[in-house]
Structures are given as structure tokens and as C-alpha cells.
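Before any comments, here is the structure.
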Amino acid sequence: MGARFASIHAMTIEQLFNEHYSSLVRYLTRRLGDRDWAEEIAQETFVRALRQGELTSARSWLYAVATNLVRDEMRKDARRRARLEQLVADARALEEDIVPLPVDRGDDNVMARAALEQLTERDREALLMREEGLDYGEIAAALELSIGSVGTTLSRARRRLVEAYETLRAGAGGGSDVAS
């Protein structure tokens, strides 16, 4: 009987994986900007789902766990980045001439990503989850918000995203001729 339970559970995880893996990876790729990293986080999310057993709201649970894993990874990454920045600053202090690297600021994707990163974590995650087709209830559950506040959060996030993008675009010499 134990083997039967395991196969039913494995089948449920397989169904869960088949239904949600692609959209979860898309969400994580948009959130992280790196598909390989997104796939690693998604895999860890499904490993945790396998350990969890019963899930009452599977999609919300998956996005909540994935979002928390991203937050954990971002904190680790921030610590590593701070250490790396300190090492770079130390190295630059030893150099006499620092040649700045050219940056292609005209790339809309780069500016859109930079604008998205300027949002608060909750606003960014809400927008990306909505983009993946999560409904207000699922977003509320994943981000621990009331359903009533999801619309306000999304509206505010969209407005701030447009403002950040236009500011970046204007700073890149592109003017502000973006249609509203």
C-alpha cells in the first residue's frame, strides 16, 4: 500500500509540474533576468512541493514558495555583490587610470529591466505574477495580501513602472515621447 501512495503522490507532482512549470519558469526568468537561475529555483520549488504532500491551492503555493526562494537568493546575492563591490573598490584605489566601460543605454529591454528593478519587491512580484496569468486571489495568497489590495497594488506598480521607464529613457537621451 505504501508503494501505491508513493505512485499516486508522484503522479500528482507530475501533473503539478506539467501544469505549472513553464509559467513558473517564465515568472522567475522575468524576476531574475536569468533563465538558468530561474530553472534552478523552479526545480527547488517542486522539490519542496514533493516534500509538502497535500497542497490546497497549488498554484498560489508554488508562486509563494518560488518568490520566497528568490528573496532568499537575492539576499545572498546582495551580500556577495557587496563583498565584490568592496573588492572592486579596493582594486580601483590601486589603479591610477580607470577607463569607464561603454554602456548601450538605448536598449529598451535593458531599460525596461532596470525600470522593473526600481519597483518595490512586492510591486515587481505582483506585476510579474499578473503577467503570468495569476488571478487576484492567487496573487493575494502568494504575496500575503488581501484580495482587495491586489488591484491597488497592481495599479500603483504599473504607474511606477511607466514613470521609472520614462525617467530612464529621458536620461538616456531618448526624450519622453512615449505614448501614455
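Could you list which residues have their amide H under 5 Å from that of Ser57, counting only those 5 or more apart in sequence or on another chain, with H placed in the peptide plane?
none
Among 111-123, 16-28, how do they line up by average Cβ neighbours within 10 Å per residue, starting with the highest?
Details: 111-123: 16.2, 16-28: 18.5.
Highest mean packing first, the order is 16-28, 111-123.
Can you run phi through the Karplus equation (6.51, -1.76, 1.60; θ = phi - 60°) for the range 36-44 and list ³J(HN,Hα) in whole Hz, with x for Gly and Pro?
These are the phi-based 3J(HN,Hα) values: 4, 5, 4, 5, 5, 5, 4, 4, 5 Hz.
Using the Kirkwood formula over every pair of different C-alpha atoms, what hydrodynamic radius in Å results for the range 101-173? Walk me through the numbers on the way to the answer.
Numbers: mean 1/r = 0.0767 Å⁻¹.
Taking the inverse mean of 1/r over all distinct Cα pairs, the range 101-173 comes out at 13.0 Å.
What spacing in nm lies between the two simple spin-label points modelled at Ser57 and Gln43, each 7 Å away from Cα in the Cβ direction?
Going from the Ser57 label point to the Gln43 one covers 3.0 nm.
Calculate one ³J(HN,Hα) per residue across the range 153-165 by plugging θ = phi - 60° into the Karplus curve 6.51 cos²θ - 1.76 cosθ + 1.60, and present them in order as whole Hz with x for glycine and proline.
So the Karplus estimates, Gly and Pro as x, are 4, 5, 4, 4, 5, 4, 4, 5, 5, 4, 4, 5, 5 Hz.
If I stretch the segment between Asp34 and Asp108 completely, what's the gain in nm (0.36 nm per residue apart, minus their alpha carbon distance), one decimal?
Between Asp34 and Asp108, full extension yields 24.9 nm more.
Find how much the distance from Ser146 to Glu131 grows on full extension, using 0.36 nm per residue of separation minus their present alpha carbon separation; answer in nm with one decimal.
Extending this stretch completely gives an extra 3.5 nm.
Taken together, the values in this text are just the output of simple stated rules run on the coordinates, not laboratory data. What you see is a predicted model, and the numbers here were worked out from it, not measured in a lab. Positions of Cβ are generated from backbone atoms using ideal geometry, with glycine treated the same way; all protein chains shown enter the neighbour counts.
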